[in-house]
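Coordinate-derived values only; no laboratory data. Only a predicted model underlies this, so the values are computations on that prediction, with no experimental measurement involved. All Cβ positions, even for glycine, are placed from backbone atoms using ideal geometry, and neighbour counts span all protein chains on display.
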Amino acid sequence: MKRQILAVAAMAAVLLAACGDDSTSSSDTAAAPTTEAATETTAAATDTTEPAAADAAACAEGKTLEAGVLTIATGDPAFPPYVLDDAPESGQGFESAVALAVAKELGFEGDAVQWVRTSFDTAVAGSDNTFDFNLQQFTINDERKQVVSFSQPYYVANQAVLGYADGPGKGVTKLSDLKSLSLGAAAGTTSLQFILDVIQPDAEPFAFNSNADAKTALDNQQIDA
């Protein structure tokens, strides 16, 4: 199966790269003889991180769409486990938590973080400039790099074909068995490209506006997988 390398896609200036610090520091400490000593060591370690956070906040100043606000985009709807209950502002879910952690490092918390919704295909096409960065499990490829900037990968996944156990795909054991099925995926995704390039179905696959629309079509038996 083809592997997906997922990353944050950002338009214009990439805050994560511009304000990031590749350097790391560490120190070896002996076991503290008392609880008080251990507390002092922890406090000292915490203090050393404050200038870095301040530097990141200063670096981000003037580089966001709206002064003093970091605008983060996600899908509509956003699915678990990346966002729980379609509520990215809660910080519950992998991408939601990552986004808010990055925002905090850049000096944005609470009302200074705003969420917007975008479609997947317009985001990777570079035609949507309503956000500072966008998390929607984007696969990094050369074509998309021409119009959007990507962060470092944060997740690796495999492409898969989904169908009901008692559906037309029952008993399929190899890719060639999928050719005769009615297939579909969200427009602009590498999943749709995978269908075209790898499976090469007998009939043109359906291109939906979103993953939610594709799932609805599968539920309604408008497509087989």
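How large are Rg and Dmax for the range 77-225 when only the alpha carbon atoms are used, in Å?
When restricted to Cα atoms, the range 77-225 yields Rg and Dmax of 17.4, 53 Å.
Exposure proxy check: R144, R117 ranked by fewest other beta carbons within 10 Å?
Details: R144 20, R117 15.
Ascending number of Cβ neighbours within 10 Å: R117, R144.
Got a sec to turn the phi values of the range 118-135 into Karplus ³J(HN,Hα) couplings, 6.51 cos²θ - 1.76 cosθ + 1.60 with θ = phi - 60°, whole Hz, x for Gly and Pro?
Per residue, the Karplus-derived 3J(HN,Hα) values read 9, 7, 5, 5, 5, 5, 7, 7, x, 9, 10, 10, 9, 9, 8, 8, 9, 10 Hz.
Report, please, the projected area of the range 160-225 averaged over directions, based on the convex hull of its C-alpha atoms, in nm².
Answer in nm², one decimal: 4.0.
Once the Cβ-Cβ distance between Q200 and D166 is put in as r, and R0 is 30 Å, what FRET efficiency do you end up with, to the nearest 0.05?
It comes to 0.70.
Need one word for the range 70-139: rounded, prolate or oblate. Basis is the Cα gyration tensor (sqrt eigenvalues a ≥ b ≥ c); a/c below 1.5 gives rounded, then a/b vs b/c decides.
It is oblate, given that a/c is not under 1.5 and a/b is not larger than b/c.
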